[in-house]
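Scroll down for the structure; my scribbles are underneath it.
Read-outs: derived from the displayed coordinates by stated rules, not from any lab. Note that the structure is predicted; figures quoted are calculated from it, not measured. FYI the Cβ positions are ideal-geometry reconstructions off the backbone, even for glycines, and counts take in every protein chain you see.
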Amino acid sequence: MIRSVLLWAAFAAMPYGCPIALAAPAQQPAQQPAKPGSFDHIRILVHDIAAARIAYRDGLGFAFPDPEPYVYDEGSAHDGTDLPDDFYLELIGIANREKLVQVRPWIVSFLDSTEGAHSIGLLVPSAAETAKRLQSQGIEAPIFKLARANPQDPPVLLVTPKMPHLPEGAIFFLEYPPKRASTKPEAPPAPQPNTVKAIVAIWIVVNDLDRSSEDLRTLGFSPGGSFRYAKLGAQAREFRSGRSRIVLLQANAGGLAAHFASTRGQGLLGMTLEVADLQKATALVEEHTQRCFPTYRGRYGRSFFIPPELAAGAWIEMVQKSRK
């Protein structure tokens, strides 16, 4: 079954962890960070959700199975597309500004100044336990109950930790309500004409690479390599999250990351999406946008870049991973 708007990603809890010496039975086990799992979805906040849907569908070749966006009672509008490897891209806009500013003012504030990729969501088995674990580490981690488009559906629980050196709200955790029993088999996602299948990485521009890296370690993400991301003009540090990567970027002078930082400050610049057929994806986007997209050898394989004016403010890299 195609997921309704606003879906969420995997975040598996690591057991609490240090052993207790027999000589000191009263000692409490030290708190260990939970180990995040795979990404589930990226929020892309847009000024005009109808126009953004057209841009992603007719220009970039994404499938949008629902006939129109969902409108939540809080005043937000949602649309999105499922990817075959159990990922999701979500467009969020404003349907009722007066209502939304009372419930989730950060959406309105963000869209008052810009549009584009905003945050990455990961699924947790228990929002309450996740919030408790983070709070025990001194992290502010409130739980928000998201009422969905159908008032009969139970709310989704969101936990957004406030980290001192990461962009506010860039990483959040979600608990799905239990699925209702159904005799109908779940339908697979609609085929993506552009052959996009998975989220490989997200790129987050930060002011301080070392301190932001420490924030991600505190949240439980495993560090990978450091490298120079020449295409984005930044020093980069990679963190593993299941099959995907969070890439922190500290801008060098004169590059894409520096331009982003000068206009938005810290934030989610864009994403790398895996395609099954790069030649097909390139030809489709070139035909639909009447632009030329040269390919290049990127960090994750042969790639091409889509600029933000074609993707409602988000930079998108499409890549066909090299076969090992």
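What to note about this one:
- The stretch between residue 58 and residue 140, if pulled fully straight at 0.36 nm per residue, gains 25.4 nm over its current Cα-Cα span.
- Set the Cα radius of gyration of segment 33-175 against 2.2 N^0.38 Å, with N its number of residues, and you get 1.07.
- Across 244, 76, 109, mean-square fluctuation computed from a Gaussian network of the chain (C-alpha pairs under 10 Å connected) peaks at 109.
- Amide H contacts of residue 273: 200, 317, 318, 319, each under 5 Å away and 5 or more positions distant or on a separate chain (H built 1.01 Å from N in the peptide plane; Pro and chain starts excluded).
- Amide H contacts of residue 196 (H built 1.01 Å from N, in plane; Pro and chain starts excluded): 276 sit under 5 Å, all sequence-distant by 5 or more or on other chains.
- The chain: C-alpha pair distances exceeding 27 Å, %: 44
- Stretchable slack from residue 291 to residue 147, in nm (0.36 nm times residue separation minus alpha-carbon distance): 47.8 nm
- Couplings 3J(HN,Hα) for segment 129-135, derived from phi with the Karplus relation 6.51 cos²θ - 1.76 cosθ + 1.60 (θ = phi - 60°), are 5, 5, 4, 4, 5, 5, 5 Hz, where x marks Gly and Pro.
- If you take all other residues with their beta carbon under 14 Å from the beta carbon of residue 264, and give Lys and Arg +1 and Asp and Glu -1, the sum is -3.
- A simple rule links phi to the HN-Hα coupling: the Karplus curve 6.51 cos²θ - 1.76 cosθ + 1.60 with θ = phi - 60°, which for segment 140-153 gives 6, 9, x, 9, 10, 9, 8, 6, 8, 4, 8, x, 6, 7 Hz, with x for Gly and Pro.
- Beyond 21 Å in Cα-Cα separation lie the following of the pairs 145/179; 197/231; 162/197; 145/197: 197/231; 162/197; 145/197.
- Reciprocal of mean inverse Cα separation for segment 143-183 (Kirkwood radius, Å): 12.0
- Computed from the Cβ-Cβ distance with R0 of 30 Å, the FRET efficiency linking residue 99 to residue 68 stands at 0.95.
- Other residues lying with their Cβ under 14 Å from the Cβ of residue 231 contribute a combined charge of +3, Lys and Arg counting +1, Asp and Glu -1.
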